[in-house]
Amino acid sequence: MRAIHIVTTRLSSSFIRPVLLDFVSCSPLRQFSTPRRFICAASKVNGGSRSGSIVAPLVVNEEFQNIDVNPPKGTRDFPPEDMRLRNWLFNHFKEVSRLFGYEEVDFPVLETEALFIRKAGEEIRDQLYCFEDRGNRRVALRPELTPSLARLVIQKGKSVSLPLKWFAVGQCWRYERMTRGRRREHYQWNMDIIGMPEVTAEAELISSIVTFFKRIGITASDVGFKVSSRKVLQEFFKKYGVPEDLFGRVCIIIDKIEKIPIDEIKKELGFTGISDDAIEQLLQVFSVKSLDDLEDILGGAGEAIADLKQLFSLAEKFGYSEWIQFDASVVRGLAYYTGIVFEGFDREGKLRAICGGGRYDRLLSTYGGDDIPACGFGFGDAVIVEVS
Amino acid sequence: MRAIHIVTTRLSSSFIRPVLLDFVSCSPLRQFSTPRRFICAASKVNGGSRSGSIVAPLVVNEEFQNIDVNPPKGTRDFPPEDMRLRNWLFNHFKEVSRLFGYEEVDFPVLETEALFIRKAGEEIRDQLYCFEDRGNRRVALRPELTPSLARLVIQKGKSVSLPLKWFAVGQCWRYERMTRGRRREHYQWNMDIIGMPEVTAEAELISSIVTFFKRIGITASDVGFKVSSRKVLQEFFKKYGVPEDLFGRVCIIIDKIEKIPIDEIKKELGFTGISDDAIEQLLQVFSVKSLDDLEDILGGAGEAIADLKQLFSLAEKFGYSEWIQFDASVVRGLAYYTGIVFEGFDREGKLRAICGGGRYDRLLSTYGGDDIPACGFGFGDAVIVELLKEKDLLPELGQEVENIVCALDKDLQGAATTIATALKDKGQTVDLVLESKPLKWVFKRAARVNARRPVLVGKLVRSVSRFCLQVSNFKSNLMTWSCSI
């Protein structure tokens, strides 16, 4: 009998006892002298032999491909070290979602283009990764998850009981000119509550994100949330008699306030047909610094102020008051928000928005369904890695 | 001071002790009477008011989209119940891979089309989901993971130490005419060993799949693996002087042997230029029934027989001899296999191949890299689920949450919130009901979300207790607490 000794060395502080095993003698394994690396002559010649090799050379009649070993522009490979980080991040996303009782869902990364066509001038529309498939249908790699969620909710109809608390972690795409060196894909964590009209919903969503931050060691001194409400603009529109169909477009313009010069903003607003006087008033509203000042301008009767006050009150109950602050300039860049909106920001001011979300009570009707109150957020995998 | 009573009932056999909480009085929450459902008139009219609604109507100037609520043809949505099954399956894939010491990797689902263009006539090429992007580049949604893996290995070059043991679970796509009602996407589990020329590698891969099957309750009487080697064909080519550049094409044709009539096979083989006599001999080789018969035809000197004998010997060591069998007709449908090939099959013969793999020692050079010995397998998420259904092994996976917390009174929403937060801080999962609801509603939801413990925050304990005792689920072990604020 041949004894086989298994030797283990102590590699870490936890010591594993080696095991001694006896084996019945068996025929030795066939040895091959095939070298571990073959240098392949890049030739199209048929049947060329390689000297010294036992295995008959195999030339599959391929043209020599000049394959770029890098992933397509703007996309990422995940070799083991990067995959470990990604799994760590996604596990936190999912564990927090489950802690709050949310259920995981997923949808195809490819959807019909129509799902994403909104005419409000959003950046997300300009950069849609759309194309014609082999059957000449217009399809797109999704830029966000919310439209798919809305589609699934309508599809489920009365077979689901509201409220729904769903989450997803999925890859989203955009087509951007590569001169800017930005990514074309990222993963996004979403949590959504469907069928809950109360501000408690938005409050819970923000609480989830706070819980996530705390889990990975980020504190209220590192990041915060700026919150406001689209109802501010709604009430302004009513007061100044601005047609409601301009709502989406104006939101998108206002969203650019800290990104392009104020004169550009005024010009774009002018193009919508709003009077110069109303534009001045509008910009004043959005530069207001406190909820009280806002109340002075809008009056105390509207829902904008009431919603926001309720949110701050709930923040106290959830225990995250020091994480949120009112900021009238926050509208977010998606056309479909209708109520409270929020975005996570880094207090050092170096990074882009970490996450963003809000209420979107009228999205489903744009797809032909009955409107159901809804709110949710998206949280990308790029900025958070820069923060932590 | 206002007393808040927390009532919990015992829902399952494992009893969780309720928590007592004190609260400081707080201002009542603002009440809203916004109705929960709005019916939206599908009109393009600007500024039309909805009667009865407090919120100013909002018409974003959208054309009314006729959106198909179904996902695109051939693709799937994953609502919660389907997602639970998918997670269950993927977790097994990943746990088995980790058990064998493999590291997880991933690549973009979109690659340049060139990565998948092989001229061997593979079905995977005909059905490539390719298109031109907005910059007029030819790209494709990947039909398989192996080319991306090969690309990444070449990219890493000398920075990685061989052998590599990598696994991935990723979505793959094909473009097929929908008349056949087949899917256009599926998820595939891959495990690959790069830099190991020995048959022990293939043996370990098959062992991983066996381990996976056993974990989910599938046995050697349900499924098996048919194994053979591409070297059989290589040796045949040498013996009959067939040009090697026909290798890939001939493999693809042979792969169709049990799928199209034998005369079709002979015709396609004829098109390659192989003589009728050689074709007859070839088909004989592929209908051989045992390794010994094969040895009679090929002789004992070649590697094909030696590799296969070694694999069977290793199978014994790994403990899965009863799972594998030699089958000369197995070549698999991918052009790049060079050695041992295997496929998992269902013994009742009802289903398509469950998984498949093999050695591919010369793929990297087709991409401009140095060849490195490699082998791996792909395992799709469709057939395995059909198999589990057949064997009645699909797991029952319901939603589960430890606590459902609800305020029975509007004023107590804040208190319910604080309680919910406290429970979560202790690591317990909580479904917080976000507006005050009647008891009946709460119990219905508790049953649906399978909550182990309802935490009801209410003012009037007595009526609450009486109600709970009337509801059949919660007769026993009703406990109440009161606390003051």
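Conditions tested, residue by residue: (1) among the aromatic types (Phe, Trp, Tyr); (2) surrounded by 18 or more Cβ atoms within 10 Å (Cβ to Cβ); (3) more than 30 Å from residue A:207 (Cβ to Cβ); (4) over 17 Å from the mean Cα position of the chain (by Cα).
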residue	(1), (2), (3), (4)
B:358	no, yes, yes, yes
B:362	no, yes, yes, yes
B:394	no, no, yes, no
B:407	no, yes, no, yes
B:414	no, yes, no, yes
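Take the residues in the stretch B:338-353 that are closer than 26 Å to residue B:90 by Cβ and buried (at least 22 other Cβ atoms within 10 Å of the Cβ), then tell me which one is farthest from the other protein chains (Cβ to nearest Cβ).
To start, the set of residues in the stretch B:338-353 that are closer than 26 Å to residue B:90 by Cβ comprises B:341-348, B:350-353.
Next, from what is left, pick out any that are buried (at least 22 other Cβ atoms within 10 Å of the Cβ): B:341-344.
Details: B:341: 14, B:342: 19, B:343: 21, B:344: 25 Å.
Out of the qualifying residues, it is B:344.
Hey, could you check the stretch B:396-405 for residues that are within 14 Å of another protein chain (Cβ to nearest Cβ) and part of a loop (DSSP other than H, G, I, E, B) and say which is surrounded by the most Cβ atoms within 10 Å (Cβ to Cβ)?
Step one: of the stretch B:396-405, the residues within 14 Å of another protein chain (Cβ to nearest Cβ) are B:397-405.
So of that shortlist, the ones also part of a loop (DSSP other than H, G, I, E, B) come out as B:397-400.
On the way: B:397: 13, B:398: 10, B:399: 15, B:400: 13.
In this case the residue turns out to be B:399.
Regarding residue B:322, is this residue assigned to a helix (DSSP H, G or I), within 28 Å of the chain's Cα centre (by Cα) and farther than 26 Å from residue B:195 by Cα?
Details: assigned to a helix (DSSP H, G or I): yes; within 28 Å of the chain's Cα centre (by Cα): yes; farther than 26 Å from residue B:195 by Cα: yes.
Yes.
Quick one: in the stretch B:416-460, of everything that is polar (S, T, N, Q) and within 10 Å of chain A (Cβ to nearest Cβ), which residue is least open to solvent (accessible area, probe 1.4 Å)?
Pass one, the stretch B:416-460, residues polar (S, T, N, Q): B:417-418, B:421, B:428-429, B:436, B:450.
Retained after the next criterion (residues that are within 10 Å of chain A (Cβ to nearest Cβ)): B:417-418, B:421, B:428-429, B:436.
On the way: B:417: 1, B:418: 43, B:421: 24, B:428: 37, B:429: 31, B:436: 34 Å².
Within the stretch B:416-460, the match that is least open to solvent (accessible area, probe 1.4 Å) is B:417.
Within the set of pairs 6 or more residues apart or between chains, which connect a residue that is free of Cβ contacts under 8 Å to residues at least 40 places away in the same chain inside the stretch A:248-265 to a residue that is assigned to a loop (DSSP other than H, G, I, E, B) and among the aliphatic types (A, V, I, L, M) with Cβ atoms less than 7 Å apart?
So the pair list comes out as A:265/A:257.
Within the stretch B:119-189, considering only strands (runs of 3 or more DSSP E) that don't extend past its boundaries, which have at least 1 residues that are at pLDDT 95 or above and within 18 Å of the chain's Cα centre (by Cα)? It would help to see each step written out before you state the result.
Details: elements: B:129-132, B:138-141, B:164-173.
Here the list reads B:138-141, B:164-173.
Hey, can you tell me all the residues within the stretch B:226-273 that are open to solvent by less than 60 Å² (accessible area, probe 1.4 Å), more than 14 Å from chain A (Cβ to nearest Cβ) and not in a helix (DSSP H, G or I)?
Residues satisfying the conditions are B:226, B:227, B:228, B:257, B:260.
Tell me, please, whether a residue that is open to solvent by less than 10 Å² (accessible area, probe 1.4 Å) and more than 11 Å from every other protein chain (Cβ to nearest Cβ) can be found in the stretch B:145-167.
yes
Scan the stretch B:378-392 for residues that are within 13 Å of residue B:352 (Cβ to Cβ), surrounded by fewer than 19 Cβ atoms within 10 Å (Cβ to Cβ) and among the aliphatic types (A, V, I, L, M) and report the count.
3
Out of the residues in the stretch B:101-144 that are open to solvent by 20 Å² or more (accessible area, probe 1.4 Å), more than 28 Å from residue B:331 (Cα to Cα) and free of Cβ contacts under 8 Å to residues at least 60 places away in the same chain, which is nearest to the other protein chains (Cβ to nearest Cβ)?
Among those residues, the one meeting the criterion is B:134.
Can we say residue B:350 is within 21 Å of the chain's Cα centre (by Cα) and in contact (Cβ under 8 Å) with a residue 24 or more places away in the chain? Write out each step before concluding.
On the way: within 21 Å of the chain's Cα centre (by Cα): no; in contact (Cβ under 8 Å) with a residue 24 or more places away in the chain: yes.
When the stated conditions are applied, residue B:350 does not pass them.
Could you check the stretch B:356-384 and list, in sequence order, the residues that are facing another protein chain (nearest Cβ under 10 Å), of a type in the set (Ser, Thr, Tyr) and touching a residue at least 24 places away in the same chain (Cβ under 8 Å)?
Taking the stretch B:356-384 and keeping what is facing another protein chain (nearest Cβ under 10 Å), we get B:361-373.
Right, trim to of a type in the set (Ser, Thr, Tyr) and you get B:365-367.
Hits for the stretch B:356-384 are B:366, B:367.
The values are calculated or read from the model by the stated rules, or taken from the named source; none is laboratory data. This structure is a prediction, so every number in the text was calculated from the model and none was measured. Positions of Cβ are backbone-derived with ideal geometry, glycine not excepted, and every protein chain shown enters the neighbour counts. In case anyone asks, the SASA skips ligands and DNA or RNA and just uses the protein heavy atoms, side chains included. Shrake-Rupley method; radii C 1.70, N 1.55, O 1.52, S 1.80 Å.
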